[in-house]
Structure formats: C-alpha cells, structure tokens
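The values are calculated or read from the model by the stated rules, or taken from the named source; none is laboratory data. Because the structure is a prediction, the values reported are computed rather than measured. Because the Cβ atoms are built from the backbone with ideal geometry, glycine has one as well, and the counts that use them run over all protein chains shown.
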Amino acid sequence: MGRGEAPGRINLIGEHTDYNEGFVLPAVLPRRVSVDVRARNDDLVRATSEGFPSIAFSLRDEDRAGGWADHVRGVTWALRNAAHKLRGYEATISTRLPAGAGLGSSAALEVALLRALRDEFALAIDDRALAMLAHRSESEFVGARVGTMDQLAASLGREGEALFIDTRTNEIERVPLPAELGLIVIDSGIAHQHATGGYNDRRNECEDAARHLGLRALRDATEADVARLAVTAPHLAARARHVVTENARVRWFLEALRRDDLARCGQLLDASHRSLRDDFAVSIPEIDALAELLRAQPGVLGARIVGGGFGGAVLAIARPDVTVTAARTAADAYRKRIGREARVVIS
C-alpha cells in the first residue's frame, strides 16, 4: 500500500502575486491531508473521502465533473500526460483541512495523492517535480488558474519555517520563523472556489493590465506604470497597484521578520488587507468584520484575508501567549455580529 501526506499552508504575505510572477511567503500548517492507495489489476480508479460522495472512473477517461473529484482525476491525468505508468487504484482520503478556506486544501490533496501513487507504483518523481505535476493538475485540468505557491509549499515546506518563493524562477529560500511569532487562523465559514467566479476574473484582469503596459507580467510594473494606466483603465490600475505594493510588502515583511520586528509585520498584514479589499476587491464584509474583530484583541499585531478571496479565512499574527484567547473571543464576537459560525483552525 502506498501512503502520502501533505500539509495545508498559510501565506503570511504575498496574495495574488504568484500568478503575476511575484513574491510569496507561505508557511505550512500542522493540519494535513493523508491518502492511502492500493493498486488494482485493471484501469478502474475508486476514491473515497469522509463527507463527500465516492467517485469512480477509468484511466484515460478522466472527464471533468466538478467538485473535489476533479482533483483526483486531474492527478491521474497529469501523471499519464507526463508518461508515468499507472494502473487503477483504490484511494482513501482523510483530511483535517477545511476546504474553501484559503489554506491550500486542494494542493495538499493533490500532493498527498501524488506521494501515495509515487510510493505504490515506484514512480521516479522528486518533490519539486511532484509540485509541478500537482500545479498542472490544478491549472490545466481542474481549470483554476492558480500560481505555483500552494503546490510548492505543500511539497517542499517544513514546520517552523516560511518559504520565500520567487514565482518567476521558482527559487526558494527557507526562512526560520521566530518563536515569538504567534499565528491565528480563523475560517469565516464562507467557502470560495478557485475554478469559478472572481478568482479567475482577477487573473484575467492582471493579464490585461500587463498587456496594456507592454509587460510580461505585473511583477515588472512600477508605480509610474500604475499612474499611467489609471488614465485609461482605472480598474486595471487598481489591480496592478495591489500587485506592485504587495510585492514590496513581501520584501519588507521578510526584512522585519529577520530582525524580529513583529509589530512591523503586523502593520504590513493590515496594509495587505486594505489593498486586497480596496484595490484588488476580493474581500467581503464578513471577512472585513472578522479581521477587524481580531485586530481589536489585546496582543494581536495585524490581520488580513488569506487565499483567493470572496470568503475563506483570516490570518492574524500575535504574541504567542494571547493566541488562544484572542481567537476564541474574536470567533464568538463574529458569531454574534454576523450570525455565522467561525472555525478556529490555528491558535
């Protein structure tokens, strides 16, 4: 039997920059996806996951059907298209990651399944190549036009460190996280889906902005470019402004992290949230409220929306001695104000 695991991730800062060939700073979460695989003697694939309908399909017949099953189909499709030999298999999937919360659950599933299949079928794939196969599954088969951050973090991340990733080159620098950095992650209870809706719209807008400016990607844009674009396409200028300023915030956050200036890190998280809300327009009132409630807690240094937007989770950084109380208090206040349950994922 083959077995694979992969963690979720929290992107400390650098949201919607990866598909613009920019900078990101993810860290892995202790919550993981686990997959057990047993080979069959035919071409049939069966997969089960608690809380979801079971699926079955044949190799070379991986038609998209929507939902979580496409991530399983996409992995087998990506492996076959990379000339890896497979037989049918039975897969049992278990997860402690909430789906649609912006915590990399799709990438964790893809990486965990790829690891299990690598183990069961003795496939010659290293961890970086495995991340690229997971990304191909997500972007080309599932249809979510994501960058490479989630898959690289799930495949290469280690607890106790962040990964500073240049998504143009996929070069990675491992950055130790200070012991004084406390993390809070709260799921708003409002799920998002990358493959539909506003996420792909934002990527299209970023590509349009880059074309207007004659650039390969918005990673190359400057503040002067944004000002020039604002004259003819103000909504595209707003999207570009977020990318330009967010890339700068990633570098500033990294510098502050290295000198243990956690107050500055918190300020940058707050600025990132404002940019995602006002320039990139991916926040919603419920998320804004949850971030505000977290910032109001003693010892919390900053908070922002994480993930693709339009729902999902909020990240806060805080003193380690206050994380549990702050998370519980903010979640209770959110329920009273919004009338929806918020789930504390990390505190």
Test of understanding: among A154, A144, which residue is outside any helix (DSSP H, G or I) and either touching a helix residue (DSSP H, G or I) at 6+ places or on another chain (Cβ under 9 Å) or at pLDDT below 95 (or both)? A144
Please go through region 97-114 and give me each residue that is assigned to a loop (DSSP other than H, G, I, E, B) and more than 19 Å from R128 (Cβ to Cβ), ordered by number. L97, P98, A99, G100, A101, G102, L103
Residues within region 1-26 that are of a type in the set (A, V, I, L, M, F, W, C) and within 14 Å of G307 (Cβ to Cβ), tallied: 4
Considering only residues of region 29-69 that are touching an Asp or Glu at 6+ places or on another chain (Cβ under 6 Å) and aliphatic (A, V, I, L, M), which is surrounded by the most Cβ atoms within 10 Å (Cβ to Cβ)? V37
Test each condition in (1) of a type in the set (G, A, S); (2) modelled with pLDDT of 95 or more; (3) surrounded by 17 or more Cβ atoms within 10 Å (Cβ to Cβ) for A227 and report the one that comes out false. (3)
Residues (at pLDDT below 95 and buried (at least 23 other Cβ atoms within 10 Å of the Cβ)) located in region 108-141: E138
Among the numbered criteria (1) closer than 26 Å to S105 by Cα; (2) surrounded by 15 or more Cβ atoms within 10 Å (Cβ to Cβ); (3) of a type outside the set (D, E, K, R), which single criterion is violated by V324? (2)
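Here's the yes/no breakdown for (1) charged (D, E, K, R); (2) surrounded by 14 or more Cβ atoms within 10 Å (Cβ to Cβ):
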position	(1), (2)
A154	no, yes
A162	no, yes
D166	yes, yes
T169	no, no
P176	no, no
A179	no, no
V185	no, yes
G189	no, yes
Which listed residue is surrounded by 22 or more Cβ atoms within 10 Å (Cβ to Cβ) and in contact with a Lys or Arg (Cβ under 6 Å, 6 or more places away or on another chain), from L257, L269, L290: L269
Every residue from region 1-44 that is under 20 Å from the mean Cα position of the chain (by Cα) and among the aliphatic types (A, V, I, L, M): A6, I10, L12, I13, V24, L25, A27, V28, L29, V33, V35
Are any residues in region 163-179 among the β-branched types (V, I, T) and either in contact with a helix residue (DSSP H, G or I) (Cβ under 6 Å, 6 or more places away or on another chain) or in a strand (DSSP E or B) (or both), and if so, which ones? I165, T167, I172, V175
